[in-house]
Amino acid sequence: MLTAHKLKIIHDLIASSSKEDLIWLNGYLAGIIAHQENKDEDVGEKNSSSKITIAYGTETGNSKRLALDFAAKAKKNGINAKLVSLDQYRLKDLAKEEYFFTVISTQGEGEPPAAAKKFYDHIHQNGFKLNQLKYGVLALGDTAYPLFCKAGEDVDSQLQQLGGERIVSLQRCDVDYEDEASNWFMEVLQKINNKESKVEIAKSPPAKKTTGKKIYTGTILSNINLNDRGSNKQTHHIEIAAADVDYQPGDSLGLVPENPLMIVEEIIKLTNIDHTKSLTHRNEEISIFNLLKKKLNIVYLPERVVKKYASIIKQEIPETKIGLHDLLKIYPVTDPEQFEEVINILELTAPRLYSISSSPEAHNGEIHLTVAKDFFTVNEEKKYGLCSNLLSEFKTDENFEFYIHKNTQFKLPAADKDIIMIGPGTGIAPFRSFLAERDATGATGKNWLFFGDQHFASDFLYQTELQNWLQTNVLTKLSVAFSRDQKEKIYVQNKMKKHGAEFFEWLQSGAYIYVCGAKEPMAVDVEETLLSIIKEFGNKNINEAATYLDELKETGRYLKDVY
Amino acid sequence: MSEKNNLSAIEKVKQASDGLRGTINEGLLDEVTGAISEDDQALLKFHGMYQQDDRDRREERAEKKLERLYSFMIRLRLPGGFLTPEQWIATHHIAR
């Protein structure tokens, strides 16, 4: 490529240089080239690139934290980053975006966080084009769940479908996401600045390897049914001894339920499989027995798994949710080898989360749970929720493993702030934690609890504890609603309305509102009632009330933990 | 007539009770407990009623963090032991 003349100069230089000289020359030339590229760019486009939008969809705060981090790094590299939460993002801006990066987590059955739902639905509409968009997606998830990072994947593929140009590939992150997220940031920043050379990332303190999910072992101290005789419900208060667990009021306990021994044994019998045989499952050697007992979801197979089963045994199976042992009975496998194929299509048991009802300050060395034994009917048969059944059966001194799922949003405010807690049924769990914590730490803020359930005489969870707190004034106000004690149904939202004037006063004095419990219909009804209280007692019209509520959300004064 | 300072506790309660009303009505409206206050319990007896709880259930209820299972008993004065059908039905509704 060089002219003969230049080539001669180079050869002479090389011949007269030591190894160190050559290394130095190499670097020197590289630097010169990089510098020239920069110059070209500067001369070329004055307002290049450097304005990007970072949008995050967060459920428990992790995506938000990463997005903040990313924005800070971008700024350090001279890139102007606009940070926005997906629930506040103005959807029509999308068509005008040039650089758009999303940090989004995946919930439950592969869904986006509630805050990202509006955005997610919008981009699935397909009615528009995003031809000038350059994007990248960082997806957070948990490989313990089958639809790992699905929300992120969907966003990534949809943005492409709409005509966007993917400039960095989708990065899926598991629970231990710090390193992968960091690498993704670097890649994005490099792509934007078009530098081959190292992008300056402020050296974060030497690789603090996040331990990801720390697994604790707990021992059952006591397990009682809080509901009285004659109740339609069975809610267990479980006290667990566990040392040095790192949690705060508002966090949840997560555990992966094991499958019932009887069912596993039945399956082994039906398939004639050698349960001691070891298979490689996700990089570890594990016996078939342990796979079936501890790792795989076998009791309620989702339809997508039933479909795969049908294609393995080459038979038609009607769409239905069914247990593996029933499936094996009705549509048996031909031999153990075929069953091994089946094992490969089974998904991992998803962890279940339970809001913790104890407080680290008040209940040192212990964790308490409030678990409703879940029942439902499938084909006229009464079935129990796998995990809630397991927990309700735990005997004193039994051990089990769990981890803590932190909820960075659902937290107590400063000690002098007032709080209103709305927690019917098991929704009361985190509020017991809040009250116990506020009691133990001497917080001065006022506390108002709304609780509801079916019958006063048999379902008033933690009644005596609440009465004590009323007496000692830790609990300022307790409003209860028992839906089936009279002809007409009375729920927590009816009580909220009844005390509407005072409720609004509390809001005006800066109170924080927390809602915990069933997502539908309870949380929906509660929110509607909130709006109507704001309207009526705040003398506002519908839009003003909605704005007031939005402000509460934005300032972190309206928080939900619903399921 | 006894001197004021010779009154027993219950007499003091009666005196302060506004014709034996006390805070019985308010107490019945308290949704957090099925009981009424101590003083009201004493006044209630003058109305021929009595607050009680299911003693056999006490221990279990306490374990379940539930208060005692309160109920009220009403003493009926039945001259000759007669009750009209209407009175019977009324009593049934009260008991429910």
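Quick look at the values:
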item	result
Selected residue (criterion: nearest to the other protein chains (Cβ to nearest Cβ)) from residues of the range A:232-249 that are surrounded by 20 or more Cβ atoms within 10 Å (Cβ to Cβ) and closer than 10 Å to A:Leu221 by Cα	A:Ile238
Qualifying position, being away from chain A (no Cβ under 14 Å), of a type in the set (Phe, Trp, Tyr) and either surrounded by 12 or more Cβ atoms within 10 Å (Cβ to Cβ) or within 25 Å of A:Lys487 (Cα to Cα) (or both), among B:Tyr70, B:Tyr50	B:Tyr50
Test result for B:Arg75, more than 19 Å from A:Asn468 (Cα to Cα), without any contact (Cβ under 8 Å) to a residue 60 or more places away in the chain, within 12 Å of chain A (Cβ to nearest Cβ) and of a type in the set (Lys, Arg)	no
Extreme residue, farthest from A:Lys191 (Cα to Cα), among residues of the range A:60-97 that are hydrophobic (A, V, I, L, M, F, W, C) and more than 23 Å from the chain's Cα centre (by Cα)	A:Leu91
Counted residues, the range A:412-461 - those being among the aliphatic types (A, V, I, L, M) and within 14 Å of chain B (Cβ to nearest Cβ)	7
Unique match (being among the polar types (S, T, N, Q), within 30 Å of A:Ala241 (Cβ to Cβ) and in contact (Cβ under 8 Å) with a residue 12 or more places away in the chain) among A:Thr334, A:Thr349	A:Thr349
Unmet requirement for A:Arg304, which otherwise passes all of (1) part of a helix (DSSP H, G or I); (2) touching a residue at least 24 places away in the same chain (Cβ under 8 Å)	(2)
Selection count, the range A:465-519, where residues are touching a residue at least 60 places away in the same chain (Cβ under 8 Å) and within 14 Å of chain B (Cβ to nearest Cβ)	2
Boolean, B:Glu60 is of a type outside the set (S, T, N, Q) and within 14 Å of another protein chain (Cβ to nearest Cβ)	yes
The one condition in (1) farther than 24 Å from A:His237 by Cα; (2) touching a helix residue (DSSP H, G or I) at 6+ places or on another chain (Cβ under 6 Å); (3) β-branched (Val, Ile, Thr) that A:Thr444 fails to fulfil	(2)
Subset of the range A:213-225 [within 14 Å of chain B (Cβ to nearest Cβ) and touching an Asp or Glu at 6+ places or on another chain (Cβ under 8 Å)]	A:Leu221, A:Ser222, A:Asn223, A:Ile224
Residue tally, condition modelled with pLDDT of 85 or more and not in a helix (DSSP H, G or I), over the range A:19-71	7
Residue in the range A:266-281 that is nearest to A:Pro351 (Cα to Cα), counting only those that are within 34 Å of the chain's Cα centre (by Cα) and either without any contact (Cβ under 8 Å) to a residue 40 or more places away in the chain or part of a helix (DSSP H, G or I) (or both)	A:His281
Hits in the range A:455-493 - residues which are within 14 Å of A:Asn227 (Cβ to Cβ) and buried (at least 17 other Cβ atoms within 10 Å of the Cβ)	A:His455, A:Phe456, A:Ala457, A:Ser458, A:Asp459, A:Phe460, A:Leu461, A:Tyr462, A:Gln463, A:Phe482
Condition met for B:Leu83 (modelled with pLDDT under 95 and not in a loop (DSSP other than H, G, I, E, B))	no
Near pairs, Cβ below 7 angstrom, 6+ apart or cross-chain, from the range A:370-382 (farther than 30 Å from A:Gln463 by Cα) to any residue that is surrounded by fewer than 17 Cβ atoms within 10 Å (Cβ to Cβ) and among the charged types (D, E, K, R)	A:Thr377/A:Lys383; A:Val378/A:Lys321
Of all residues making up the range B:20-35, the number that are without any contact (Cβ under 8 Å) to a residue 12 or more places away in the chain, more than 12 Å from the chain's Cα centre (by Cα) and within 14 Å of another protein chain (Cβ to nearest Cβ)	4
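The values are calculated or read from the model by the stated rules, or taken from the named source; none is laboratory data. This is a predicted model, so every value here is computed, not measured. Don't worry about glycine lacking a Cβ; one is built from the backbone with ideal geometry, like all the others, and counts go over all protein chains shown.
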